[in-house]
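Below is one structure; the comments refer to it alone.
The values are calculated or read from the model by the stated rules, or taken from the named source; none is laboratory data. Everything quoted here is computed from the prediction, not taken from an experiment. Here the Cβ positions follow ideal geometry from the backbone for every residue, glycine too, while neighbour counts run over all protein chains shown.
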Amino acid sequence: MHPILWELLYLLGTPPWDTGITPPEVVEVVESGQVPPGRALDIGCGTGTNAIYLARHGFQVVGVDVARLAIRRARRKARRAGVAVSFHRGDILKLGTPQGPPIGGPFDLALDIGCFHGLEPSDRPAYVAMLRRVLRMGGFYLLYAWGPRTMRGRPMGLTPEAMQELLGEAFHPLWIRAGEERGHPSYWYLFQRLAP
């Protein structure tokens with residue numbers, strides 16, 4: 001989707017994905033100690049709900065989103081919450097390159113709740129290349145993504161098998177949980193990066 005359309009969705013109000021609630025899967029991996037505090041990257045951070053949650057739990061957090069209005073709201077929310085989060089507007093496929101926002105890195109945790117499944121299929125290899133650039137060896141990748149579906153004639157989402165094939169042997173699945181969103185399959189994944 002064109003960046004202007006993301007801006008428009010925020011301009012019209014609160015998009016349906018911006019619930020203001022950190023999902024229980026994120027709470028679980030953080031509060032159980034599965035993923036210890038470190039440097040975290042929130043990919044497609046929206047208005048910062050999850051980035052702020054991670055900062056409150058000891059992470060140094062960078063959030064990136066394509067929508068300028070979302071980033072503005074995220075910065076305001078973080079100030080009100082009294083936490084330090086570095087928010088940037090930019091193209092997530094360019095993270096970790098000179099053309100991308102200055103995010104630093106590498107990261108111990110990459111979090112993506114619903115950004116991946118919005119990509120064009122042709123952008124998926126570039127997304128994986130971005131993950132390899134920004135996530136350190138041994139780091140964790142927590143992902144929420146749709147299973148296969150078609151929206152407005154456009155294929156979106158992947159099966160868990162296709163997701164693992166896309167990520168390759170460098171990313172080892174620690175767990176995968178099936179669910180559904182509005183009658184369609186969806187999945188939570190926790191991967192660990194074990195190879196270059």
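If you check GLY114 against the conditions, is it within 23 Å of SER32 (Cβ to Cβ) and at pLDDT below 95? So GLY114 fits the description; yes. Of all residues in region 148-174, those that are out of contact with any Lys or Arg (no Cβ under 7 Å at 6 or more places or on another chain), in a strand (DSSP E or B) and either exposed (fewer than 12 other Cβ atoms within 10 Å of the Cβ) or aliphatic (A, V, I, L, M) (or both) total 5. For region 125-159, the set of residues classified as closer than 27 Å to PRO24 by Cβ, at pLDDT 95 or above and charged (D, E, K, R) consists of ARG136 only. Checking each residue in region 76-92 for being within 17 Å of the chain's Cα centre (by Cα) and among the basic types (Lys, Arg) picks out only ARG89.
Might you let me know whether region 41-62 holds any residue that is under 17 Å from the mean Cα position of the chain (by Cα) and of a type in the set (Lys, Arg)? Checked region 41-62: no residue is under 17 Å from the mean Cα position of the chain (by Cα) and of a type in the set (Lys, Arg). Looking only at region 23-34, residues that are under 15 Å from the mean Cα position of the chain (by Cα) and part of a loop (DSSP other than H, G, I, E, B) come to 1 in all.
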